[in-house]
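The values are calculated or read from the model by the stated rules, or taken from the named source; none is laboratory data. Remember, it's a predicted structure, so these values are computed and weren't measured experimentally. Cβ: placed from backbone, ideal geometry, glycine included. Neighbour counts: every protein chain shown.
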Amino acid sequence: MENQKLKPYRKDDKWGVCDENKSIIVECIYDDVVTFEKGSVLVYQNEKVGLINSKGEKLTQCVYDELFHFKEGLARVIQNNKSGFINEQGELVIPCEYYEAREFNHGLAPAMKNRLWGFINSQGENVIPFIYDTVQDFEAEYAGVQNEYKWGIINKKGEQIVPCVYGAIFYHSDDFIIAEQNKKWGFINTNAEQVIPFIYDRLYYFSEGLAPAQQNNKVGFINNKGEQVIPFEYDEATFFNDGIARVTQNEKSGFINSKGEEVIPCIYNEISDFNEGLAVVANTDWIYGFISKKGEQVVPFIYDVAFNFVGGVARVKKGEKWGFINSAGEELFPLIYDSVSDFSDGLARVNLDGKWGFVNMKGEQVIPFHYDDSYPFNEGLALVEQDGNWLGYIDVKGNKYWEN
């Protein structure tokens, strides 16, 4: 059988799987079926979970308490409160013997035995011993580790390259590792050398050559030599992105460039990061509109609530009613809804008079307002609820995948 798009199907109080023609692929014998990844589904029986692939083949029996997403070809499973890993064929390749574990990163996964952490490889071999109080995930070749409340860094061989002497540590790059010592923050490298002194009240990652730093409750920016490039005069600041950073001063927000020049003045009560070329801004009366990266007013201040653009449209609220606008500020259709969600699979989940349905970008009702609750569409399916019961899934044409 070729790979196909499986759809959870409910018959009375049991669930199975069907194809797009509603032909049953997996009999309705399960307590629940949930879409998973790569066309597969999770199946639940007697409070245990199993996995069925996109061909409708059962990869695992319903024997696990939990089954997590695959990462680097392996998925963590929990059985009898112990963690292990299965491969993409459903085989248990690392036994459920760990008190706790996390997903694989760069070939290694953190795992806990006897309440101490170490690392295992994809064959289940313990390559870094269980000797740490807690650990961070590997980033490239390095991971943060903690013993006796102090942090250091190890490499993939388990060698301690930075001793556990720091109150906190965050790997960013070989040359710039954020660390805290005696309540002050600085940067060290993988040779355990201090590259920027521990003089800051808080310190953040470098982005586009600059890092936000805090001194005396004010935020400025330093370069990778530790030189102050932008004065410590802001109450808040974000990372640089596309040449600008969002800053707040005296409860007003705007954007600066890498020279510290205000490219969008700090005059707004609230301002979002730019998304699809526009940012949401609130004026002094807390009325919302949108501006461009040049600071030009693209959408006037007429909305009581507004969200960033997603896929060319943005959710907005005026008075008690919601709707959508395009990037020119034009309302796609009248603002008549009590609540709306972002568009997904070409449809938006909207509420009218306490009932949920779905509309397209023309405002045409595609799914009638029959439901008391629903999820947004995801990969062509949405779960819907009525009278306190989750009925099952519908597709973007409104076809129902259930029978009572």
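Checked against (1) farther than 24 Å from Phe70 by Cα; (2) surrounded by 15 or more Cβ atoms within 10 Å (Cβ to Cβ), Pro129 meets all criteria but (2). Of all residues in the range 359-371, those that are over 16 Å from Asn326 (Cβ atoms) and free of Cβ contacts under 8 Å to residues at least 60 places away in the same chain have Cβ atoms under 7 Å from Cβ atoms of residues that are β-branched (Val, Ile, Thr) and not in a loop (DSSP other than H, G, I, E, B), 6 or more apart or on another chain, in Gln365/Val359; Val366/Val359; Ile367/Ile394; Tyr371/Val384. Taken over the range 253-304, the criterion of being assigned to a strand (DSSP E or B), of a type in the set (D, E, K, R) and either farther than 25 Å from Glu227 by Cα or touching a Cys at 6+ places or on another chain (Cβ under 7 Å) (or both) is satisfied by Glu270 alone.
Per the listing Gln123, Gln79, the residue uniquely closer than 23 Å to Glu37 by Cβ and either free of Cβ contacts under 8 Å to residues at least 40 places away in the same chain or of a type in the set (Ser, Thr, Tyr) (or both) is Gln79. Identification of strands (runs of 3 or more DSSP E) wholly contained in the range 148-211 with 1 or more residues that are modelled with pLDDT of 95 or more and touching a Lys or Arg at 6+ places or on another chain (Cβ under 8 Å) yields 160-166, 184-188, 194-200. Glu379 fulfils the conditions (1) at pLDDT 95 or above; (2) exposed (fewer than 15 other Cβ atoms within 10 Å of the Cβ); (3) within 30 Å of Ser54 (Cα to Cα); (4) among the charged types (D, E, K, R) except for a single criterion, (1). Does the range 46-59 contain at least one residue that is in contact with a strand residue (DSSP E or B) (Cβ under 7 Å, 6 or more places away or on another chain), in contact (Cβ under 8 Å) with a residue 40 or more places away in the chain, hydrophobic (A, V, I, L, M, F, W, C) and farther than 19 Å from Val384 by Cα? Within the range 46-59, one or more residues are in contact with a strand residue (DSSP E or B) (Cβ under 7 Å, 6 or more places away or on another chain), in contact (Cβ under 8 Å) with a residue 40 or more places away in the chain, hydrophobic (A, V, I, L, M, F, W, C) and farther than 19 Å from Val384 by Cα.
Among (1) over 30 Å from Phe301 (Cα atoms); (2) surrounded by fewer than 20 Cβ atoms within 10 Å (Cβ to Cβ), which single condition is Ile230 missing? Every condition holds for Ile230 apart from (2).
For the range 61-98, name all the residues that are of a type in the set (Lys, Arg) and either crowded, with 20+ Cβ neighbours inside 10 Å or in contact with a Cys (Cβ under 9 Å, 6 or more places away or on another chain) (or both). Steps first, please.
First, pick out the residues of the range 61-98 that are of a type in the set (Lys, Arg): 71, 76, 82.
Listed by number, the residues that qualify are Arg76, Lys82.
Looking only at the range 287-298, filter to residues that are of a type in the set (Val, Ile, Thr) and under 23 Å from Asn241 (Cα atoms); which one of those is surrounded by the fewest Cβ atoms within 10 Å (Cβ to Cβ)? Once the filter is applied, the top-ranked residue is Val298.
Residues in the range 339-359 include at least one that is out of contact with any His (no Cβ under 6 Å at 6 or more places or on another chain), over 21 Å from Val280 (Cβ atoms) and among the aromatic types (Phe, Trp, Tyr). Mind checking which residues of the range 313-336 are crowded, with 16+ Cβ neighbours inside 10 Å and among the β-branched types (Val, Ile, Thr)? Selection gives Val313, Val316, Ile325.
Within the group Asp353, Asp373, Asp342, which residue is buried (at least 16 other Cβ atoms within 10 Å of the Cβ), touching a strand residue (DSSP E or B) at 6+ places or on another chain (Cβ under 8 Å) and of a type in the set (D, E, K, R)? Spell out how you get there, then give the answer.
Numbers: Asp353 fails: buried (at least 16 other Cβ atoms within 10 Å of the Cβ); Asp373 fails: buried (at least 16 other Cβ atoms within 10 Å of the Cβ).
When all the criteria are applied, what remains is Asp342.
Beta carbons closer than 6 Å, at least 6 apart along the sequence or on distinct chains, pair a first residue in the range 134-145 that is closer than 15 Å to Ala168 by Cβ with a second that is part of a loop (DSSP other than H, G, I, E, B) and at pLDDT 95 or above for Ala143/Gln136; Gly144/Gln136.
Might you check whether a residue that is of a type in the set (Phe, Trp, Tyr) and in contact with a Ser or Thr (Cβ under 6 Å, 6 or more places away or on another chain) occurs anywhere in the range 94-101? Looking through the range 94-101, at least one residue is of a type in the set (Phe, Trp, Tyr) and in contact with a Ser or Thr (Cβ under 6 Å, 6 or more places away or on another chain). Residues of the range 158-181 that are under 20 Å from Lys225 (Cβ atoms) and loosely packed, with under 14 Cβ neighbours inside 10 Å: Asp174 alone.
Taken over the range 23-44, residues that are surrounded by 14 or more Cβ atoms within 10 Å (Cβ to Cβ) and not in a strand (DSSP E or B) amount to 4.
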